[in-house]
Amino acid sequence: MKNGTERLMGRPREGRADRAILAATLELIAELGVRDFRMDDVADRAGVGKGAIYRRYQSKDELVTGAVAALVSEITVPDTGSTHGDLLALMREAVGVYTDPIAGGVMPSLVGAMRRQPDLARSVRDGFLAGRRQALREVLERGVGRGDLRADLDFELALDVLGGALFYRLLITGGPIDEQLADGVANLILRGFAPVRTRAAKSPTHKKEESQ
């Protein structure tokens with residue numbers, strides 16, 4: 001009974017430690033960058049021993065990947081009943097995430113580190129991005145099924161377009177990441193990847209006028 005009680009009491013503490021480690025990691029990436037923060041820094045800020053971190057993450061790259069995944073894990077794959085509604089919901093949630101100061105500080109450092117560290121890049125792509133893109137692909141597949149998007153849709157390109165404008169502003173121009181951006185990208189996807197419509201056949205009246 002005692003052991004069972006200890007386990008039950010230990011779970012909330014473990015959950016708090018998990019959240020504290022991830023939150024501390026994100027804060028330190030935003031402040032210092034991926035390269036310059038240390039595992040000791042995470043332990044100090046999270047209020048845990050360094051061993052607690054290594055029991056969860058075997059390396060700094062794995063910790064960074066886990067922290068980034070936690071940052072956006074709350075974005076759900078919507079099913080509003082319309083392709084436009086789904087795309088708009090995706091973009092609004094992304095805008096909500098990346099207007100947060102922590103997320104806005106993490107991503108520039110992460111992208112730079114991925115270029116310099118192939119192992120980190122592979123860890124982020126395999127451990128986070130691949131699954132994320134596959135989940136978002138569901139929205140596009142539903143759009144194809146509804147006839148709102150072309151049957152031969154280039155899914156990878158469409159996924160790049162979904163995030164491209166947001167990250168270009170975040171990383172390059174510093175332009176506004178707002179509701180207008182969300183609406184513009186949703187409409188761009190619908191127009192740019194719309195089914196190719198064949199021109200309607202000329203009416204008999206129109207053909208008669210041409211023959212005269």
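Every read-out reported here was derived from the displayed coordinates using simple, explicitly stated rules and does not represent laboratory data. This is a predicted model, so every value here is computed, not measured. Neighbour counts are summed over all protein chains in view; Cβ atoms, including those assigned to glycine, are modelled from backbone coordinates with ideal geometry.
Here the calculated FRET efficiency for Asp178 and Ser59, from their Cβ-Cβ distance with R0 = 35 Å, stands at 0.45, rounded to the nearest 0.05. Along its principal axes, the chain has C-alpha extents of 95, 47, 29 angstrom, given from the largest down. Note on Arg197 and Asp160: their simple-model spin labels are 2.8 nm apart, each label 7 Å out from Cα toward Cβ. The slack between Thr76 and Asp18, meaning 0.36 nm per residue of separation minus the straight C-alpha distance, is 18.8 nm.
Calculate the spin-label point distance for Arg35 paired with Arg125, positioning each point 7 Å from the Cα along the beta-carbon direction, and give it in nanometres. With each label placed 7 Å out from Cα toward Cβ, I get 2.1 nm.
Check Asp148: other-chain or 5+ apart residues with amide H under 5 Å from its amide H, H built from backbone geometry? Long-range HN contacts for Asp148: none found. The Rg/Rh ratio of the stretch 42-93, with both radii computed over alpha carbons and Rh defined as the Kirkwood radius, is 1.26. Dimensions of the stretch 86-203 along the principal axes, based on C-alpha atoms and rounded to the nearest Å, stand at 61, 29, 20, largest first.
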